[in-house]
1. For the pair residue 46 and residue 152, how long in nm is the line joining their label points, each one 7 Å along Cα→Cβ?
2. What is the gain in length, in nm to one decimal, between residue 93 and residue 38 on full extension, counting 0.36 nm per residue of separation less the C-alpha to C-alpha distance?
3. Using θ = phi - 60° and the Karplus form 6.51 cos²θ - 1.76 cosθ + 1.60, what ³J(HN,Hα) does each residue of the range 167-183 get, whole Hz, x for Gly and Pro?
4. Set the Förster distance to 30 Å, then compute FRET efficiency between residue 167 and residue 143 from the Cβ-Cβ distance, nearest 0.05.
5. If packing is taken as the average number of other Cβ atoms within 10 Å across a peptide's residues, how do 104-112, 42-50, 186-194 rank, most packed first?
6. Using the Kirkwood radius over C-alpha pairs as Rh, can you work out the diffusion coefficient of the range 1-124 via Stokes-Einstein at 37 °C, viscosity 0.692 mPa s, in µm² per second?
7. Which residue, 168, 78, 16, tops the fluctuation ranking in a GNM of the chain built on C-alpha contacts under 10 Å?
8. Students often get this wrong: which residues of the range 49-68 have the backbone nitrogen under 17 Å from the point 7 angstrom along Cα-to-C-beta of residue 84?
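Where a number appears in this text, it was derived from the coordinates with a stated rule and is not lab data. In this text, all values refer to a predicted model and were calculated from it rather than measured experimentally. All Cβ positions, even for glycine, are placed from backbone atoms using ideal geometry, and neighbour counts span all protein chains on display.
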Amino acid sequence: MGIYILGIAGASGAPYARRVLEQMLLAGHEVKAVITDAGRKVLEVEEDLVLTGNTEADTPGVLEWAQASSFASNFEMYHHKDVASPIASGSFAVDGMAVVPCSGGTIGRISHGISNGLLERAADVCMKERRKLVLVPREMPLSLIHLRNMTAVTEAGAIVLPASPGFYHKPTSISDLIDMVAGRILASLGIESSVMKPWLGPEASSYSDSEQGKS
Ligand SMILES: Cc1cc2nc3c(=O)[nH]c(=O)nc-3n(C[C@H](O)[C@H](O)[C@H](O)COP(=O)(O)O)c2cc1C
């Protein structure tokens, strides 16, 4: 089983992070999480998840939020300012990292190698060690600066995976839309999940025909 870093920055899209965390843990992987201050704010606004910033105290709430309380032994949270944590070093091997959601500010800092905190440092490490890094922005529209920063991180080996759910699977709920984005994030990291639904042509079943992951 692998070790994955989940960064949560202050962009809209907290439900995607919830599903990705749930599925990583369900698949038996270890997850190291880091949340920026703005990320905590967005979790509060979008998911009613109020975190204190004390990672030890926050851990049960995050696991409950992800409906993954029974996976506590595989989950660890680090504070964004804890740049001495293992994920700040390339010597600590991980299988990949996703930043879900990823703010324009965080992409800007990652693309310029400006590691103000642990999230950017861990992303910086993934790129220098040639490990998988998936960044999930939600922004619209995009400025030229956003586009240039996305180009720079792509050139450096990261995958920019915008939170843009498709409609060809005929989603019937918000959960279906979340699954479509979360499934692509997990697949980009090489993680198999039940929420990844490949397109098998127009005759194949839609999300609504299956039993999978409803929130
Ligand atoms: C509810 C809410 C939604 C936000 N959505 C976005 C967003 O989608 N994209 C973005 O770049 N910033 C968004 N912001 C603003 C960022 O949180 C802000 O720029 C912050 O400084 C980013 O910090 P971080 O990159 O350290 O997480 C949002 C803020 C709030 C409170």
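1. 2.4 nm
2. Working: separation 55, 0.36 × 55 = 19.80 nm, distance 2.72 nm.
In short, 17.1 nm is gained.
3. Taking θ as phi minus 60°, the curve returns 10, 6, 8, 6, x, 10, 8, 4, 4, 4, 5, 4, 4, 5, 6, 4, x Hz for the range 167-183.
4. On the way: r = 26 Å, r/R0 = 0.87.
Approximately 0.70, to the nearest 0.05.
5. Details: 104-112: 21.7, 42-50: 15.2, 186-194: 17.8.
The peptides rank, most packed first, as 104-112, 186-194, 42-50.
6. Values: Rh = 14.1 Å.
Rounded, D is 232 µm²/s.
7. Maximum fluctuation in the GNM of the chain, among the listed residues, is at 168.
8. Counting backbone N atoms under 17 Å from the label point, the list is 55-56.
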